[in-house]
Amino acid sequence: MENRALVDNRGVAFRASELNAIAGCRDGRHWPRGRMSTREIRQQVALALAAVKDKKAEDIALLELPKESSAFTDYFLICSGTNPRQVQAIADAVDEALSKNGVEPNNREGFDTAEWILLDYVDFVVHIFSSARRGYYDLERLWKSAKHLTEDELLKPKAAAKAAVVKTPVKKIAKKAVGKKQLPQKKTAKKAAGRKAAGKPKKAAKKAKRK
């Protein structure tokens, strides 16, 4: 598998269960995708995102995996904790927040060691790392083709896309306007310099006549 080759080339040794977890399958077999709408999935990811923020998780990253990839999930929510207790607290907070909305993880791994806790909700996966393990496995690099999302892009993708399109021409117009304002100033400065230069010979000639 292409992603596995990337991991091997980096010299990172993944266990079989970890490779399955990253690929979106368990015990060597793929679980069926959920039947929720895209909007429902995004709302649940937002709940998980709010939970990790509430527990002061660090280095939060939300990835939308490419449709053509081998992953059998849509989103990765990745974050870190500074110590095992915080890592476990973040996992509990996510579990509790989603359980209140009737959503339970399909699989939960790594809670006892608290180095990499994985909560698999089929349509999205929450990865909670210790600081050391986060850098070691570097899932963002492994899935570098994934799109990094902000919370606004997650909940309001159309509005965020429109805002991105609108911002670009405004900057271009502003640059053109600044350029137009600067041109007359340069011309004025040149004219003023030319007048001063032309005036000097005349003044010198007048002084010579007086003498």
Review point. What FRET efficiency would be calculated for the residue pair Arg85, Leu155, taking the C-beta separation as r and a Förster radius of 30 Å, to the nearest 0.05?
Key: 0.50
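Could you work out how much longer the chain between Thr113 and Ser131 gets when fully extended? Use 0.36 nm per residue separation minus the Cα distance between them, nm to one decimal. If you can, show how the numbers build up before the last one.
Values: separation 18, 0.36 × 18 = 6.48 nm, distance 1.34 nm.
Computed gain between Thr113 and Ser131 is 5.1 nm.
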**Study point:** Distant-in-sequence amide H partners of Val122 (H built 1.01 Å from N, under 5 Å)
**Key:** Asn106
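Throughout, read-outs are computed from the coordinates displayed, never taken from laboratory work. None of the values given here were measured: they were computed from a predicted structure. Glycine gets a Cβ as well: all are built from the backbone with ideal geometry, and neighbour counts include every protein chain shown.
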